[in-house]
Amino acid sequence: MPYTTLPLAFTVGKTSQSTVLPETFVPATVPGAVQLDWARAHQWPDWNYGDNCKQYDGLEAFYWLYRTVLEYPTLAPGQKLYFVSQGIDYKFDIRLGGKVLLAQEGMFTPVELDLTGKAQPGDVLEILIHPAPDSGDRTTNRAPANKSAKPAVSWGWDWHPRLIPLGIWDDTRLEIRPAAHIKSAALDYILTDDLSAADIKLYVTLAEAPGGGMVEWVLDGPQGTMVIRQSAEAARQMVFTNVLPAPQLWWPHDHGPQNRYTVTVKLYSAGHQVLDERSWKTGFRRVRLVMHEGAWDRPGECPATQRECPFTVEINNRHVFAKGSNWVAPEIFPGLITAETYRPLLELAKEANFNLLRVWGGAMVSKDSFYEQCDALGLMVWQEFQQACNCHPDDAGYLKVLDQESRSIIQRVKPHPCRVLWCGGNELFNSWSRMTEQSHPLRLLNRNCYELDQYTPYIYTSPIFGVRHGDYRFANSDKTEVYQIFVRYEATAYTEFGVPGPSPVEILREIIPPAELFPPKPGTAWETHHAYKAWDGDAESWLLISTIERYFGVPASLEELVANGEWLQCEGYKCLFEESRRQKPRSSMALNWCYNEPWPSAANNSIVVWPARKKPAFEAVKAACRPVLASARIPKFTWSAGEVFTCQLALLNDSYAKGKPGEVRATLQLDEGTVITAASWKFAAPEPNHNLIGPEVQFQIPDAPFKTLTLRLSVPNRPELDSTYRLLAKRS
C-alpha cells in the first residue's frame, strides 16, 4: 500500500470530569491501556502476582485524556491526511483544537478521519475516553455491561479478575494517502453444489476515481500461479464478476489442505502509476450446519416438527466431527496482544488434535492475526458476538451500537475461510439471561449475518435446543462422576464441559506469596486467582479441594495436592471427550470449557496456563482427540480388590481415510506389578467417519492391595491407536 505511515506519540491523564483537564499526564504506550500507562508511571507491581490486580480497581470509573502533537510533512498536491485507529476502547470523543471530530461508542469499529484542511503540523489531537459502561444493574457482577457491546468478561469471570481495560488497544497512526485511493475491497463467492466452480464477485469502492485511471484485480492460486486477471476503468463503485473453475478447497487440518488464494486489487492513475493497492488471502469452502444422521426419524408428538437444531458441521459436503475448546481472552489487556501472543496457543491447539475453536462471546473479538493463523493452521472458528450471560435489552441506544459493531466485526472476519459459524452470544436463552428468538438484539444479529455473510451459518446462542453446556466438575455433590454424567445425556453437541485442575507447582510459586502457598485457603491469593468462589455453582471452585481429598485424602504437600488434582483433570477430560465422540452421529461436537486463560490462575478448567504452558491435561485431551483411537467406556474411577472390573470397548473414528481391520487387546495392571489380560476384540474395517462399538469385557481384580489400576488398550502393529486409563483403588 503506497501510503506514508507516521506513528503518534501520546501522553495520557485521568480526570473525574470530562470538562476538567487532568492534573498529570504520563507517557502512553499505543497499543496499550490507560491502566498500564498509569501503573508504569507509578511503578505499580505486576498485576499477575498475589492480590496486586485489586490496585487497578476503580480506574475504569475516570475519564482519560490522550494527547498527541501532529507532526507530518507538508502535503503535496493530490495528497490527503488521515487519522486511523483499528480500535479504541470503549466510548470516546476525538477532538482537534477542542472541536469534536467524532463521538463513538464501540471498540471494534475502526476509525478513519480525513484531517486534510482541518489540521496543521503542530496541532494537538485529543482522544477523551469515557468511563467504562455501567447500566446501574447490580444483579450480577457482569450486569453493569448489559447495555454495552464491550466484552463482559472484564467485569470478572471464573478465570478473569474484575479489571476493566480502557484506551487505545489496536494499531493507531497518521496516514498520508493519494486523494484517489481504495476505500474498501471485498470478495464474495458461491460454490456450485458439486464444488466444481466458484461464482465470484469482487466489490471495490474508491474514495474518488482518478480521471482515466483503471482498477485491476488478480487472483493467484495456492501455488502462486495467476488464475484470474480483470481490469476496468476506475469508478467510485465497481463490481467485478468471474468464474473460477475447479477451485482448490480450504479444509480443516484433519481433513485436507488449507488451500488459500491471494487477492490483489490495484488502482492505477491515467499514467499507469500505482496509486493504491490491497492484497489479502482467502479460501474457498462451503460450510453448513445440518441435522445429524437419523435426526428426523426420532419419535415425537404429532404434529411432527424439528425437535432440535441442526448442529453437525458440514464442510465441502463432508460431515466433520468438531473437536476443540472455548477460546477466551489470552490477555487481560487486549492492547498487549500481538500475532506472537496467538501463535504458540494456536499451534498448541492444532497439536491437541483440535479442529475448532469457539471464540466465546464474553471475551474479545480477536485481532486479524488470529484469523490469519487459523486460516493457515486449518482451525475452524465459531465466532460469537459480545453478549454473554446477560439480558441485553430491546433498547434503541444499545441496538444502534450493536448494529454498528456487529457489521464491523462481520466485515473484518468474513474474508477468512476459517470462520464456520456466527453466534449471537453465550447462554442467552438460559434462566439468568432470559432472552429469546424474539429479542431484538438477536434478530438484528441474524439479519446482519444474513445480509453480510449469507452462506455462513448463524445460531442465536449456545446452548440451544439439543446442545448442552456442563457439567464442570469431576464429581458432583451426589457423588456422580464424569463416567456417569455424559452417558445419560443425548446431546447433539457438547459445547461446554469442564474438569478443573490446579496449575503446575512452578506457576503457583510465581503467583502466590510464600506465606499463603500451602495449605490453600479462601481469602488469600488462592481465591484472587480463582481457586475459591470463582463460580457460583460451587464455593470451592475451581480447586474443589474436598473432591480431591475425597479420593486421595488430605495432601501432605503442595506437590501432592497438585499431582492429585492433575490426575482427576486428566482422566476426567479423557472420559468426557471420548464419550462425546462415542455418541456420534447424534453428537457432532465436543468443546471443553476452557482452552486458555488471560492471566495465571491457581485452578480452573483450562488445559493451557497463561501465557501458553501446557497442563498435564493437555496431553490427555490430545490423546482423546486423535482421529482414530481404541477407547474404553469405564463405569467409575475407584475400584476395590476382589471386584469385577468392566468396560466397553470401541474404536472411535473421525477419519475419512480408508479404514483397516484390527484387534484391540485390553490389559489391566495393579500398580507396577500384576498384569491381567482380558479377551481381545477383533474389529472390521470402519466406514469413513463412523465408530465401531465393541463388546463389554471383564477382569477379576485380585484380592490383593493396590493403589492404582491401569487399563491399557493396544492394537498390534498400530501403536498410534493405543490408549491408557489410570484409575484409583478405593480407600477403605
Response to the item:
Diffing the stretch 579-595: the Karplus 3J(HN,Hα) column from phi (6.51, -1.76, 1.60, θ = phi - 60°), in whole Hz with x for Gly and Pro, holds 5, 4, 6, 4, 8, 5, x, 4, 7, 10, 7, 9, 10, 7, 9, 10, 7
Fill in: Candidate lysines for bridging to LYS622, where Cα separation is under 16 Å - those fewer than 8 sequence places away on the same chain excluded
LYS323, LYS350, LYS574, LYS614
Fill in: Charge tally in the Cβ shell below 13 Å around VAL328, where Lys, Arg are +1 and Asp, Glu are -1, VAL328 excluded
-4
Worksheet, complete the sentence: Per-residue accessible area, 1.4 Å probe, largest first, puts MET291, MET226 in the order MET226, MET291
Worksheet item: Once a ≥ b ≥ c are taken as the square roots of the eigenvalues of the Cα gyration tensor of the stretch 262-356, is the result rounded (a/c under 1.5), prolate (a/b larger than b/c) or oblate (a/b not larger than b/c)?
Response: oblate
Item to complete: From zero up to wherever the largest Cα-Cα distance of the chain sits, split into 10 Å bins and tell me the percent of pairs in each.
Response: 3, 13, 22, 24, 19, 11, 5, 2, 0, 0
Fill in: Eligible aspartates and glutamates near LYS479 by straight Cα distance, threshold 17 Å, same-chain separation 8 or greater
ASP471, ASP538, GLU540, GLU549, GLU571
Practice prompt. Could you pull out every residue, at least 5 positions away or on a different chain, whose amide H is within less than 5 Å of the one on ALA329? Hs are placed 1.01 Å off N in the peptide plane, and Pro or chain starts have none.
Written response: MET364
Discussion item. Could you tell me the relative contact order of the chain? Use alpha-carbon pairs under 8 Å, at least six residues apart, and round to a whole percent.
Written reply: 10 percent
Worksheet entry | Using a Förster distance of 30 Å, the FRET efficiency for LYS682-VAL487 (Cβ separation, nearest 0.05) | 0.75
Worksheet, complete the sentence: Once all protein chains are kept in place, VAL20 shows an accessible area at probe 1.4 Å, nearest 10 Å², of 70 Å²
Practice prompt. Under 11 Å from the Cβ of VAL359, count the other residues' Cβ atoms, weight Lys and Arg +1, Asp and Glu -1, and hand me the total.
Written response: +1
Worksheet item: Can you list the aspartates and glutamates whose alpha carbon sits under 18 Å from that of LYS80, skipping same-chain ones fewer than 8 residues off?
Response: GLU71, GLU112, ASP114, ASP123, GLU175, GLU208, ASP276, GLU277
Discussion item. Once ligands and nucleic acids are excluded and a 1.4 Å probe is used, how much of LEU21 is accessible, expressed in Å² to the nearest 10?
Written reply: 100 Å²
Discussion item. Whole-Hz ³J(HN,Hα) for each residue in the stretch 640-657, computed from phi via Karplus 6.51 cos²θ - 1.76 cosθ + 1.60 with θ = phi - 60°, x for glycine and proline: what do you get?
Written reply: 10, 4, x, 7, 8, 7, 10, 7, 9, 8, 7, 10, 8, 9, 9, 8, 9, 5
Worksheet, complete the sentence: Counting only DSSP beta bridges fully inside the chain, the antiparallel percentage to nearest 5 is 85 percent
Worksheet entry | Candidate residues ASP93, ASP171: accessible-area rank, largest first, probe 1.4 Å | ASP171, ASP93
Worksheet item: At a probe size of 1.4 Å, how large is the accessible area of LYS533, to the nearest 10 Å²?
Response: 140 Å²
Worksheet, complete the sentence: Percent antiparallel among DSSP beta bridges confined to the stretch 417-549, rounded to 5, stands at 25 percent
Fill in: Heavy-atom SASA rank of LYS584, LYS150 (probe 1.4 Å, accessible area, largest first)
LYS584, LYS150
Worksheet, complete the sentence: Among trypsin sites (Lys or Arg not before Pro) in the stretch 128-162, those in a DSSP loop whose Cβ has at most 16 other Cβ atoms within 10 Å are ARG138, ARG162
Worksheet item: Mind checking the log10 I(q)/I(0) for the stretch 391-458 at q = 0.15, 0.17, 0.22, 0.24 Å⁻¹? Debye, one equal scatterer per Cα, no solvent, two decimals.
Response: -0.49, -0.62, -0.96, -1.09
Worksheet, complete the sentence: Per the helix-only model, the chain has a calculated mean residue ellipticity at 222 nm (DSSP H runs of ≥4, -39500 (n - 2.57) each, divided over all residues, rounded to the nearest 500) of -5000 deg cm²/dmol
Worksheet item: Which residues' amide hydrogens lie under 5 Å from the amide hydrogen of LEU629, considering only partners 5 or more residues apart or on another chain, with H built in the peptide plane?
Response: LEU652
Fill in: Accessible surface of the chain, 1.4 Å probe, proportion on carbon and sulfur as whole %
51 percent
Worksheet entry | Interchain or long-range residues, amide H under 5 Å from GLU597's placed H | TRP610
Discussion item. Roughly how far apart, in whole Å, are the Cα centres of the stretch 76-102 and the stretch 539-615?
Written reply: 47 Å
Item to complete: Determine ³J(HN,Hα), in whole Hz, for all residues of the stretch 213-225 in sequence, where each value follows from phi through the Karplus function 6.51 cos²θ - 1.76 cosθ + 1.60 and θ = phi - 60°; x replaces Gly and Pro.
Response: x, 9, 10, 10, 10, 10, 10, 9, x, x, 8, x, 7
Response to the item:
Under Stokes-Einstein, the stretch 35-173 at 4 °C and 1.567 mPa s, with its Kirkwood radius over C-alpha pairs, diffuses with a coefficient in µm²/s of 77 µm²/s
Item to complete: Report the local net charge at HIS530: Lys and Arg +1, Asp and Glu -1, summed over other residues whose C-beta lies under 10 Å from its C-beta.
Response: -2
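The values are calculated or read from the model by the stated rules, or taken from the named source; none is laboratory data. Quantities reported herein were computed from a predicted structural model and do not represent experimental measurements. Cβ sites come from the backbone with ideal geometry, for glycine too, and all protein chains shown count toward neighbours. Heavy atoms of the whole protein, side chains included, go into the accessibility calculation; ligands, DNA and RNA do not. Shrake-Rupley method; radii C 1.70, N 1.55, O 1.52, S 1.80 Å.
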